[in-house]
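A.B. asks: First the structure, which I've put down as structure tokens, then a few questions once you've had a look.
The values are calculated or read from the model by the stated rules, or taken from the named source; none is laboratory data. On a predicted model such as this, the values are computed, not experimentally measured, just so you know. Neighbour counts are summed over all protein chains in view; Cβ atoms, including those assigned to glycine, are modelled from backbone coordinates with ideal geometry. Note: accessible area is taken over every heavy atom of the protein model, side chains too, but ligands, DNA and RNA are not part of it. Shrake-Rupley method; radii C 1.70, N 1.55, O 1.52, S 1.80 Å.
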Amino acid sequence: MATARDYRLQQRLRRDRHGRGLRGALYPATLPAASSRAEKFDALVLDALEPIEARWRHELTKLDVAVDDVPEVHRDGDPVAAEGVLHDGAVPLSRLVPAGVDRSGMPTRARIVLYRRPLEARAKDPSELAELVHDVLVEQVAGYLGLEPDVIEGE
């Protein structure tokens, strides 16, 4: 049997205290404004990866691309120092993680991890961010394949 307390709790979960909260989404899901910054960045990475993958499809079949918000930081405050990390000063922008074995003994695929927040902080506008993401991807794919970035770019 529902009590008055259950009803009040249910109402509180749907609306704010005075009943003036948003009743639904601010923008329809079909509009670009409805996507978050992380979703926009993911789409940007896919767009930047598309021409590279089109040219090097067979060589990149065992490579994954991932996005993290920020790089891991050790307890002493230094970012993770490892091979395959692309830095801008002391801040890592991306990391190439080689294929290996995880803690449970399962094999892992090689992957490029792009760090969203440091990359966004270095770009003044969306076109500059797209160019920066493309350049970082070219550098990391070149490192993965053991080639020069100019070869990956096709120049």
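A.B. asks: Just to verify a number: what accessible area does Y27 come out at with the full protein assembly present, 1.4 Å probe, Å² rounded to tens?
C.D. replies: Surface open to solvent at Y27 totals about 110 Å².
A.B. asks: Determine the order of E59, E72, E128 by accessible area, beginning with the largest, at a probe radius of 1.4 Å.
C.D. replies: Most to least solvent-accessible, the answer reads E72, E59, E128.
A.B. asks: Per-residue HN-Hα couplings for region 122-134, Karplus 6.51 cos²θ - 1.76 cosθ + 1.60 at θ = phi - 60°, whole Hz, x for Gly and Pro?
C.D. replies: In residue order, the calculated couplings are 8, 9, 8, 8, x, 5, 5, 5, 4, 5, 5, 4, 4 Hz.
A.B. asks: Between E72 and S127, what is the label-point separation in nm under the 7 Å Cα-to-beta-carbon projection?
C.D. replies: With each label placed 7 Å out from Cα toward Cβ, I get 3.9 nm.
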